[in-house]
Amino acid sequence: MKNKATKLLLDLGMPPELAGYLYAREAILITIDTPNSAYRWCDTYDKVAEKFSTTGKRVERSIRHVLKKTQENGTIEYVEMFYGNITKPPIVSRFLATVAEHVKMQEDYHVEIQK
């Protein structure tokens with residue numbers, strides 16, 4: 001699943017050199033592995049923070065920053081599919097839950113997302 005999440009984030013145009021990229025990928029994987037985590041985002045951010053020796057607030061802020069950069073510089077058609085209205089950045093938790101669901105669908109049903 002890690003490879004599918006990585007591919008999806010890179011296809012979006014998410015800059016992998018930013019810490020938010022690693023945090024987002026890890027949060028997506030936690031969400032997939034722990035279904036109830038999608039309703040407890042603070043716990044998810046804290047788990048990511050623990051893994052990377054930082055704080056939950058920094059994790060969320062870094063993900064917000066990388067989402068903004070992706071929105072500005074990413075593949076427009078693909079970004080619109082996940083972000084919807086691209087006039088403002090998405091809500092972090094909604095984006096992570098949506099991507100986690102897409103990755104899970106790809107894994108469970110072998111569905112490929114069309115660009």
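The values are calculated or read from the model by the stated rules, or taken from the named source; none is laboratory data. Given the structure is predicted, the values throughout are model-derived calculations rather than measurements. Because the Cβ atoms are built from the backbone with ideal geometry, glycine has one as well, and the counts that use them run over all protein chains shown.
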Residues satisfying the stated conditions in segment 49-70, i.e. within 12 Å of the chain's Cα centre (by Cα) and either of a type in the set (A, V, I, L, M, F, W, C) or surrounded by fewer than 14 Cβ atoms within 10 Å (Cβ to Cβ) (or both): Val59, Ile63, Val66, Leu67
Count of residues meeting criterion [of a type in the set (Asp, Glu), at pLDDT 70 or above and loosely packed, with under 13 Cβ neighbours inside 10 Å] in segment 71-115: 2
Checking Leu8 against (1) at pLDDT 95 or above; (2) surrounded by 14 or more Cβ atoms within 10 Å (Cβ to Cβ), the condition it does not meet: (1)
Tabulated pairs, segment 64-79, first in contact (Cβ under 8 Å) with a residue 24 or more places away in the chain and over 15 Å from Gly20 (Cα atoms), second surrounded by 14 or more Cβ atoms within 10 Å (Cβ to Cβ) and among the hydroxyl-bearing types (Ser, Thr, Tyr), C-beta under 8 angstrom, 6+ apart or interchain: Val79/Thr70
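Suppose the filter is without any contact (Cβ under 8 Å) to a residue 24 or more places away in the chain and farther than 16 Å from Thr98 by Cα; does Pro35 pass it?
Values: without any contact (Cβ under 8 Å) to a residue 24 or more places away in the chain: yes; farther than 16 Å from Thr98 by Cα: no.
Taking the combined requirement at face value, the residue does not satisfy it.
Return the residues of segment 3-28 that are touching a Gly at 6+ places or on another chain (Cβ under 6 Å) and of a type in the set (Gly, Ala, Ser); say none if nothing qualifies. I'd like the intermediate steps shown before the answer.
Narrowing segment 3-28 to residues touching a Gly at 6+ places or on another chain (Cβ under 6 Å): 12-13.
Scanning segment 3-28 gives a single hit, Gly13.
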